[in-house]
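First the structure, in the form of structure tokens, and then the observations on it.
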């Protein structure tokens, strides 16, 4: 991976991390997207992130919530409302990326989601996120050549 690809990967990681935080806040408090954008675009961590990718994820997930929920429901072993809010937010943005970011390899999307679930979710959350997104990837994407 060259320097620019490595930098983009790191900036997208931080964009996902901040999007997770914003989506969690949106999910549990009902904050407006514009308020969340204003709040998060001012944070110090945004210096590490691709702000455009952060905004793309946040707006995309909020605007596509019903479509994402429809895609996720058959893959879950419980109602989406019973999921931990962190894991629900991760599943939504990763599903959004699987559907709308064909340039991002499936393995990267799944790896990032599992990594964030392990850091911010429940004890078994990363395994659950991995299992659900593995099924989602099979349904939403063609297998990628190795």
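Every number here is computed from the coordinates shown, using simple stated rules; none is lab data. As the structure is a computational prediction, the values presented were derived from the model and not from experiment. With ideal geometry, Cβ positions are generated from the backbone for all residues, glycine too; neighbour counts draw on all protein chains shown.
On the basis of the beta-carbon distance and an R0 of 25 Å, residue 124 and residue 100 show a calculated FRET efficiency of 0.35.
Inter-label distance, residue 43 to residue 138: 3.4 nm, where each label sits 7 Å from its Cα along the C-beta direction. By the count of neighbouring beta-carbon atoms within 10 Å, fewest first, 109, 73, 80 end up ordered 73, 80, 109. Between region 79-124 and region 5-47, the alpha-carbon centres lie 14 Å apart. Entry note, the chain: the mean residue ellipticity at 222 nm calculated from DSSP H runs of n ≥ 4, each adding -39500 (n - 2.57), is -23500 deg cm²/dmol after division by the residues and rounding to the nearest 500.
Taking the number of Cβ atoms within 10 Å of each Cβ as an exposure proxy, the fewest-first ranking of 2, 52 is 2, 52. With both labels modelled 7 Å from their Cα along Cα-to-Cβ, the residue 131 to residue 73 distance reads 2.1 nm. Calculated FRET efficiency, residue 82 to residue 5, Cβ-Cβ distance, R0 = 35 Å: about 0.35 to the nearest 0.05.
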